[in-house]
Amino acid sequence: MSTTRERALDAAVELVGTQGIRALTHARVDAHAGLPRGSTSNHFRTRAALVSGVSEWIAAQETRDLGAALGRPFDDLDGFIDMFTAGIELLTGPHAVRTRARYALFLESASDPALLAPLRVQREGIAAWTRGLLVALGAPHPDAALHAFMAFGDGIVLHRLSVDPQVPVRASVAVAVHGCLSA
């Protein structure tokens with residue numbers, strides 16, 4: 001059974017992911033979660049604390065879910081492509097609302113790095129892990145490959161969230177990976 005705090009955070013993520021950051025108020029979170037008025041503010045006294053809590057919650061949930069999708073061992077380049085395809089499809093399919101909320105928080109909190117800290121730490125971890133995989137696969141310029149691959153990933157995620165949710169992913173991931181591994 002979820003705690004009051006978890007119910008509030010789940011509701012907050014859904015509000016931000018479906019209605020935008022302006023929908024994030026204590027009262028709306030309480031109503032959306034079916035909680036008594038004031039429940040959310042018992043855990044997050046200010047809006048900044050609520051935004052920070054949502055950021056931490058998204059990072060923790062994505063780390064858990066992506067860890068399961070991306071933590072699978074792979075034997076070859078096709079396995080690597082399949083693994084990243086699965087991650088992108090997870091972020092833009094079953095967890096699309098949460099992913100939209102993450103992007104909304106990135107844009108909202110650009111002027112306050114402390115609010116974004118959990119999401120930035122998570123992204124840095126994914127980047128370091130991805131760089132290691134690109135090195136293992138023989139990327140001749142791993143830093144440039146990492147930046148290109150991460151930009152590609154953001155691009156296809158945004159494209160699927162905003163333009164074409166059904167665009168095939170695997171062929172695009174394959175092109176990006178092959179480009180990152182070429183000279």
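The values are calculated or read from the model by the stated rules, or taken from the named source; none is laboratory data. Worth saying up front: this structure is predicted, and the values here are computed from it rather than measured. Ideal geometry is used to build each Cβ from the backbone, glycine not excepted, and the neighbour counts take in all protein chains shown.
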Q: Test A176 against the stated conditions and say whether it is surrounded by 15 or more Cβ atoms within 10 Å (Cβ to Cβ) and outside any helix (DSSP H, G or I).
A: no
Q. Can you name the residue in the range 118-173 that is basic (K, R) and out of contact with any Ser or Thr (no Cβ under 7 Å at 6 or more places or on another chain) and is also surrounded by the fewest Cβ atoms within 10 Å (Cβ to Cβ) among such residues?
A. R120
Q) From A27, A60, which residue is surrounded by fewer than 19 Cβ atoms within 10 Å (Cβ to Cβ) and at pLDDT below 95? A) A60
Q: Name the helices (runs of 4 or more DSSP H) wholly inside the range 36-137 in which the number of residues that are under 22 Å from L158 (Cβ atoms) is 3 or more.
A: 47-70, 77-92, 96-108, 113-136
Q. What are the residue pairs meeting all of these: first residue in the range 153-171, first residue modelled with pLDDT under 95, second residue part of a loop (DSSP other than H, G, I, E, B), Cβ atoms under 9 Å, and 6 or more apart or on different chains?
A. P165/G93
